[in-house]
Amino acid sequence: MKKVLFILAALAIVLGGILSKFLPLPNSTARDSIGEALFIQGPLGNITAYQNGTKGQACILLFASAGREASDYNTLITTLNDQGYPTLAVEAGGIKGTDIRYAKTLGTAAKSLKAVKDKACPERPVILIGHAFGNRIVRSFAHIYPNDTERLILLAAGGKNKIDPAVATAIQRIFDAKIPFRARLKDIQFAFFADQNAARLPEHWTRGWHTKTSIMQRRGKEGLGLGNWEAAGGKPILVIQPLDDKIAPKVDAADYLKYTYPDQVTVRIIKDAGHALLPEQPALVTDAILTYLRDEN
């Protein structure tokens, strides 16, 4: 009996050592989202969103980047609420209870925002914030539902051209549970953070990479018959451009959008930030957003 227990203990140690190389897994929850959880029945199933702030100024709907959780916005939401803006942070399909079918196309993702808006903020058009891939979602919403849209704020807006192959490979590895954690950590630092910020990667950005959601979003990112969703229904747009973004560099993102839609787009540059942006320069991002909202009122 003692011999059996010894063998089992040894196996547990060996297996624990192997597993520790891969933990935390990409799909592990990043962190809890702040606010009241709303479970809304939409056209394709359940949608999870988080409501913060009291009614007052225009509601702000927020959508995170590819395969990421709404909790990425926690810090920004707190400041927006303090300034009188109620917020609704919407989870992507396949994350925390939102039906995976909402991740199939840009149009289905826009439908999830529409269902949340109609349920929780029906009185007036909303302001939309989309980070990275989420910028495609909010522009698609504005294209389909222009009467429900006041304006948009795009953080690290997706570039027009293909991503550098080395960066694209790093992004794929981040979502791969077969890659050891330390290797994935280096990929996150390389692809999403400015080189000078890599060592300051926050813990919640080491997790919360939802593989199935990311795969579906990548397959459906072209719009699938939506028409010119890029123009966001002609609504005013603030583009917040991180200067060290390897995924959506300035020339392919802010410069392209300003050139294509000069009367529609305002650009704000954020130094010392990469594609992650929100955890790198939270104060500068918040200042850019609040300045834009005040100037446009």
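Every read-out reported here was derived from the displayed coordinates using simple, explicitly stated rules and does not represent laboratory data. As the structure is a computational prediction, the values presented were derived from the model and not from experiment. Every residue, glycine among them, receives a Cβ derived from its backbone with ideal geometry; neighbour counts consider all protein chains shown.
A few notes on this one:
- Just checking the listed ones, Glu69, Glu36, Glu150: in the Gaussian network model of the chain with Cα springs under 10 Å, the one fluctuating most is Glu36.
- Stokes-Einstein translational diffusion, the chain - Kirkwood Rh over all Cα pairs, 1.002 mPa s, 20 °C, in µm²/s: 110 µm²/s
- Angle in degrees between helix 181-192 and the longest Cα principal axis of the chain, rounded to the nearest 10: 20 degrees
- Label-point separation in nm, Asp164 to Ile269, each point 7 Å along Cα→Cβ: 1.8 nm
- Two-site label geometry, Asp255 and Ala283: point separation in nm, points 7 Å out along Cα→Cβ: 3.0 nm
- By the compact-protein rule of thumb, 2.2 N^0.38 Å, the alpha-carbon radius of gyration of the range 97-153 corresponds to a ratio of 1.04.
- Scattering profile of the range 23-79 at q = 0.26 Å⁻¹ [log10 I(q)/I(0), Debye over alpha-carbon scatterers]: -1.25
- In loop segments of the range 211-297 as defined by DSSP, the GluC sites (Glu not before Pro) with at most 14 further C-beta atoms inside 10 Å of their C-beta are Glu222.
- Chain lengthening between Asn147 and Ser28 when straightened (0.36 nm per residue, less Cα-Cα): 39.1 nm
- In a reduced charge model with +1 at each Lys and Arg Cβ and -1 at each Asp and Glu Cβ, the chain shows a dipole moment near 1180 debye about its Cα centre.
- A full extension of the chain between Arg200 and Arg219 corresponds to an added length of 3.7 nm, given 0.36 nm per residue minus the alpha carbon distance.
- Annotation for the range 147-170 versus the range 36-62: alpha-carbon center distance of 23 Å.
- Plainly put, the range 30-129 has a radius of gyration that is 0.93 times its Kirkwood radius, both from alpha-carbon atoms, as the Rg/Rh ratio.
- The lysine pair tally for the range 120-236, using Cα distances under 21 Å and a gap of 8 or more places or different chains, is 7.
- Computed with the Debye formula from one identical point scatterer per Cα of the range 180-282, without solvent, the log10 of I(q)/I(0) at q = 0.13, 0.22 Å⁻¹ comes to -0.60, -1.19.
- Sites listed here are trypsin sites (Lys or Arg not before Pro) in the range 120-196 whose DSSP assignment is loop and whose Cβ has at most 11 other Cβ atoms within 10 Å: Lys162, Lys178.
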